[in-house]
1. Go over the candidates Val781, Val776 one by one and state the one that is in a loop (DSSP other than H, G, I, E, B), out of contact with any Ser or Thr (no Cβ under 8 Å at 6 or more places or on another chain), outside the structural domain of Pro113 (by TED's automatic domain parsing) and modelled with pLDDT under 90.
2. Could you look through region 709-734, keep only residues that are among the aliphatic types (A, V, I, L, M) and part of a helix (DSSP H, G or I), and pick out the one that is surrounded by the fewest Cβ atoms within 10 Å (Cβ to Cβ)?
3. On the basis of being free of Cβ contacts under 8 Å to residues at least 40 places away in the same chain, assigned by TED's automatic domain parsing to the domain that holds Leu465 and basic (Lys, Arg), does Arg507 make the cut?
4. Suppose we keep only residues that are crowded, with 22+ Cβ neighbours inside 10 Å and within 11 Å of Ile721 (Cα to Cα) within region 694-708. Which one would you say is modelled with the lowest pLDDT?
5. Does Ser470 qualify as being closer than 22 Å to His403 by Cβ and either assigned by TED's automatic domain parsing to the domain that holds His391 or surrounded by fewer than 16 Cβ atoms within 10 Å (Cβ to Cβ) (or both)?
6. Which of the residues spanning region 339-362 are buried (at least 20 other Cβ atoms within 10 Å of the Cβ), within 28 Å of the chain's Cα centre (by Cα) and either at pLDDT below 75 or of a type in the set (Val, Ile, Thr) (or both)?
7. Can you say whether Asp399 is modelled with pLDDT under 90 and surrounded by fewer than 21 Cβ atoms within 10 Å (Cβ to Cβ), as far as the supplied structure shows?
8. Within region 735-773, can you find the residues that are surrounded by fewer than 18 Cβ atoms within 10 Å (Cβ to Cβ) and not in a helix (DSSP H, G or I)?
Amino acid sequence: MLKRMRCLLKKSQGMSANVPFRKKIRGILQGFRLLAIRQHLGPHEYERWREFPECRNGIRKKLRTAMAHSPSMKISPFEPGTELEKVIDRFEHAWHSGIAPGIGAFLPTQYTPGDPVRVKLLRELVKTDLEFRWRQSASDRSFARASSRLEYYADLFPELLQHGIVPLDLITEEYRVRQRWGDHPGYAEYLARFPEHAGYLATSLQRIDAELAVEFSRALPAKVGGLDNQVATQDESTVLPAKLGGSGHISESLTAGPPLALVVDSPAGGALPQIPGYEIQEELGHGGMGVIYKARQLSLHRTVALKFMLTDGPAFADLRRFQIEAQAMARLEHPNIVQIHEIGELDGRPFLTMEYVAGGNLKQKTAVERPTARQAANLVETLARAVHAAHGQKILHRDLKPHNILLVGAINAPLDQCVPKITDFGLAKCVDESAGPTLSGAVLGTPNYMAPEQAEGRTADIGPLADVYSLGAILYELLTGRPPFEAGNVLDVILKVINDEPEAPSRTQPTLSRDLEAICLKCLQKQPLERYPDAAALADDLRRFLTGKPLRYAASYKSTRLYGWRVAATAAVVGLVLGLVLASGVSVILMPATPPAAPADWQEQVVQERGRADDNALLAQRRADLLDQEKAANRENLAKALAAAETLLEKADAVFPAHAPPKETGALLQEILPSIDKFLDVQPRDVNAPRSLELSWRRLGGLYKRFAMPQQAEQAFRHAIALSKVRADEFPKEPLFRQDLAGHYHQLGLLMRTLDRFEEAEQAYREAIRLGEKLVEDDPVDVSYRRELARYYQGLGSDLERAGRAGESVVPYEQALSLLEKLSAANPGDADLPKAWESVQNSLLGHFRRTDQSRGEEKVHRWSAEFWEKLTLNNAAIASYRRKAAGHYHLLGMLLINSGRPADAEKVYRQALAHKEKLHQDFPKVSDYQSTLGATLNNLAILLRDR
């Protein structure tokens with residue numbers, strides 16, 4: 001009968017008139033499958049399946065067990081009842097119990113990495129894990145989406161790759177579950193992440209969209225076999241329970257999730273969004289955080305530019321920056337600032353529509369047309385008045401450059417006939433904001449046009465005068481044809497911005513007005529207070545230049561330029577002469593040209609010699625003082641250079657996400673990282689080297705590691721270790737230096753473990769542990785020492801486990817848990833400690849499961865249940881803590897039943913029940929809590945019945 005209905009369904013696929021008929025058949029098929037599940041599992045187990053993760057390929061995953069039970073319905077890649085099928089069942093059960101399991105813990109040890117059976121199982125586990133993780137992230141925003149990408153799994157299990165390429169079926173599976181659970185990625189993202197599949201990836205994704213459209217539009221029966229298909233979701237991370245001051249509920253949604261965002265093919269082979277009220281015409285380009293489209297607003301019959309958030313599941317900083325841009329532009333009404341029309345959202349992604357400017361940007365215009373000096377002055381005056389208006393609204397731009405100056409006018413129109421408009425406020429910041437989305441010390445902006453305080457990452461010093469500097473840099477480029485500072489790589493540009501003075505524009509343009517040159521160079525002063533007091537003052541001086549009036553603000557700067565150069569030159573000559581004198585002064589005094597007269601007696605000789613010694617000592621001291629001053633200046637320059645390197649590294653951290661494909665980032669890495677490496681390598685490696693040098697080496701090593709450059713990463717980490725060793729040996733009582741050294745060893749251990757160099761990894765971890773234990777012994781109060789020591793214990797345990805010495809890994813794992821338990825008790829509000837605990841707990845549970853040590857597994861479940869339970873007492877509003885406590889009690893109950901201890905099992909089941917009833921009471925519309933509550937009730941009922 002099922003086969004017959006499938007045939008009917010297939011025949012009806014091409015007949016649009018048969019949509020109700022197809023829906024009816026699909027509903028009947030769904031009912032049969034659910035009945036098969038009930039029959040296969042039995043009544044007492046059926047409730048454990050009340051809430052399934054949404055199926056793959058329509059209904060595939062939801063019905064795995066039932067299909068395995070019947071040959072005609074079979075879809076599982078493994079035979080029913082085999083050990084591999086049981087592995088998948090255990091993995092799903094772990095998820096249903098409320099615990100996010102680690103895949104590695106479920107891989108049978110009899111299969112070595114690369115074994116075809118292991119790879120097949122691994123791919124099924126990854127697909128299952130993807131489903132659960134994206135499902136969880138749909139109702140819990142705190143759930144990390146970074147670990148739900150295929151690149152994350154490929155890093156953990158390289159054997160997933162086929163000839164170094166992610167298989168297409170995994171790519172389409174990730175796309176499917178993300179669409180199903182409301183993330184709605186675009187084709188462009190997948191084409192960028194997996195360019196090796198570009199020839200057929202778009203077609204595959206279109207097929208998935210078609211399947212999902214049918215799935216989401218299908219009308220399932222309201223109840224089939226007692227299973228209610230109306231499943232609500234709730235965000236427990238942001239909604240307080242009703243009894244704790246919250247509403248206790250938010251909007252409901254069907255299991256299928258929100259409707260898909262419709263897409264159409266773009267000329268580039270990607271996808272254009274379809275937004276109600278707009279007709280998307282073409283892609284114009286990419287901004288800092290979004291893609292910009294040309295669109296037509298249907299209601300007002302006007303062309304607009306539509307900026308759409310580019311990243312998927314955007315990080316908070318990216319989303320916040322996008323929101324800041326929208327808010328900043330919405331607050332500004334000025335004829336020379338691009339106007340915003342609407343702020344909206346599509347499928348959780350924000351977008352904004354703004355004035356469409358068709359004349360290109362200033363960078364494009366000046367590439368074909370060099371403006372005259374008066375045109376340049378007039379243009380920058382206009383921009384300065386617009387910037388001053390933005391500053392009046394307490395908005396800084398922070399990324400002014402020719403690319404962000406759009407021109408209203410025909411493409412071929414002369415520059416003086418175009419109206420400039422400032423756009424791209426993606427880095428805008430309110431002047432009175434106490435904190436923004438920029439990481440502390442992070443460099444944001446374009447180095448060629450950024451102010452020195454911005455290049456150094458001194459965010460507290462970045463104010464309106466940073467925009468004045470950028471306007472001066474734009475004026476400089478308009479006058480000379482190039483920005484004030486250029487170099488072969490980004491780091492050298494930043495170093496020049498920080499340390500060098502710009503070349504006078506008149507060097508390349510001898511006929512340039514000295515007044516205009518003075519205006520330009522005053523904007524480019526290193527110290528903000530030496531620039532114009534505001535953008536309006538700059539505009540006023542430019543207007544005075546254009547009208548032939550004396551300058552008001554740059555006049556004093558202009559009059560002192562030549563004098564300043566003469567003073568500097570004189571000082572240089574004096575310094576040179578003094579240096580020569582000091583270099584030869586001692587010998588001149590010790591070997592005078594004219595021999596002294598013989599002393600009258602020995603006492604007079606003593607006095608003369610003492611005088612010469614005093615003179616020598618005085619000159620030597622003066623020479624030493626000058627050398628100290630030189631060293632101090634060198635140290636200051638080194639500190640600035642290191643600050644630039646460090647902020648560049650921070651920028652690389654922020655710009656390059658963990659899942660970024662090498663093809664996208666390779667060019668930037670080739671430019672940035674090797675230049676930093678070369679710079680760091682020539683610095684002194686002694687106790688006088690600044691501490692930031694070794695920290696820069698460590699960060700550089702981390703970036704090399706992220707982008708699969710292990711040799712460079714190892715070298716960088718070992719440089720950091722060598723520097724820290726010198727410092728720690730010189731200052732043995734300074735804990736900070738030992739803490740740095742332990743951290744360097746930890747990073748080296750992580751790298752060695754990744755490369756399967758387990759012995760070297762163990763050595764590094766044990767050295768980190770030795771240093772960490774000494775730090776804790778000397779200062780048992782400092783939380784950071786114990787937290788880091790727990791991390792070192794965990795790293796050693798993971799290394800031993802991967803090296804095939806799993807039995808030895810138990811001790812360091814338990815040491816880590818013990819430390820984390822004490823830390824959490826003393827710091828119950830620290831959200832990072834539970835994450836660390838869960839990671840170690842899963843590793844330890846995985847070891848005991850693989851080795852069939854039920855007593856060890858029982859110990860960890862009990863330990864974990866009590867840990868999460870204690871956290872619940874101090875964090876009642878965080879439902880996930882209570883859910884995890886309940887999940888561990890539930891699994892502990894199952895272990896106790898299997899070991900023949902029903903009385904103990906009843907006790908822990910009742911503890912699980914108490915937590916789950918509380919969750920259901922506080923969050924009555926969260927389907928997961930209903931499902932797991934039913935599972936515990938069933939198990940407890942069976943236990944009591946059998947007794």
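1. After ruling out the rest, the residue left standing is Val781.
2. Residue satisfying both the conditions and the ranking: Ala722.
3. In short, yes.
4. Among them, the one singled out is Glu694.
5. Yes, satisfied.
6. Result: Arg349, Thr353.
7. no
8. Listed by number, the residues that qualify are Leu755, Asp756.
The values are calculated or read from the model by the stated rules, or taken from the named source; none is laboratory data. Note that the structure is a prediction, hence the values are computed from the model and not measured. Neighbour counts are summed over all protein chains in view; Cβ atoms, including those assigned to glycine, are modelled from backbone coordinates with ideal geometry.
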